[in-house]
Amino acid sequence: MAVTIAISGKGGTGKSTIAAMIVRAMLNQSGRGVLAVDADPNSCLGLMMGVEPVSTVAQLREDALKKPSERGEGMDRMRSFEYGLQQAITEERDFDLLTMGRPEGPNCYCAVNNMLRKFLDEAANAYDFVVVDNEAGMEHLSRRTTNDVDVLFIVAESTPIGIISVKRIFELTESLPITVGKIGVIWNKESGAGGKIEGISTFGCVPCDDAVEEVCVNGRTIFDINEENAAFAAVSRILNQQLRIKEKST
């Protein structure tokens, strides 16, 4: 069963950049590969890794709910949706990407979210790691598109607003109908000790780095930064500390 890592945080904190770094760090580990799930409606994770998704789950959901099946049965729509999910995974050499996208319209997604959760649970058997880049409200987790999360990284900046955001996300996790193993904060763009919040762990700090800023501004990818980059090294260190992952043998 795959180790599931979720990343959440307020918009603009560098959450998707950290998520992309986590995926890259995972590729340095042994195993069968990584499934990256871009569950943020802004869909930045693929861009940070230089991947253009072939389709999104939101598009599949709309099609499944709007298009009548040939026999008019819901089961046929769900089978079509399940097949579409298989096709929606963008396969790269070292990792796969599933993009949720932005849902449109007021339709209820209960049935397709159940199918998505079932799909992710089954897909987890084919990977060592599933990395989920969530929006701040963690909508997909609150809808139970996955059953359990081993580690939840809350990405934030150590500002008063950032600290409030961390508290709100932490409180939200306590109401989610899923099991979360570890929860902690990654203070981004922070060269010191970061913020301190009673009852919430600090997993580490990631320094502000010109090379990472250049990647974000110029539309390059996280794979363009050097392996010894200070920000990437910090993310790798945090990841190894929390998951105790052994480096793959060469």
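We did not get these values from a lab; they are worked out from the coordinates using the rules stated. Worth saying up front: this structure is predicted, and the values here are computed from it rather than measured. No Cβ is skipped: glycine too gets one built from the backbone with ideal geometry, and neighbour counts run over all protein chains shown.
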Quick check on packing: order 42-52, 191-201, 2-12 by the mean number of other C-beta atoms within 10 Å, highest mean leading. 2-12, 42-52, 191-201
Placing each pseudo-label 7 Å from Cα in the direction of the beta carbon, GLU227 and TYR83 end up separated by a distance in nanometres of 4.4
Pair ASN218, SER191: separation of 7 Å Cα→Cβ label points (nm): 2.2
At 0.36 nm per residue, minus the direct Cα-Cα distance, what do MET1 and VAL54 gain on full extension? Give it in nm, one decimal, please. 16.5 nm
Amide proton proximity set for THR4, modelled H, under 5 Å, gap of 5+: VAL130, ASP150, VAL151
Protection proxy ranking of 224-234, 125-135, 156-166 - average other beta-carbon atoms within 10 Å, highest first: 125-135, 156-166, 224-234
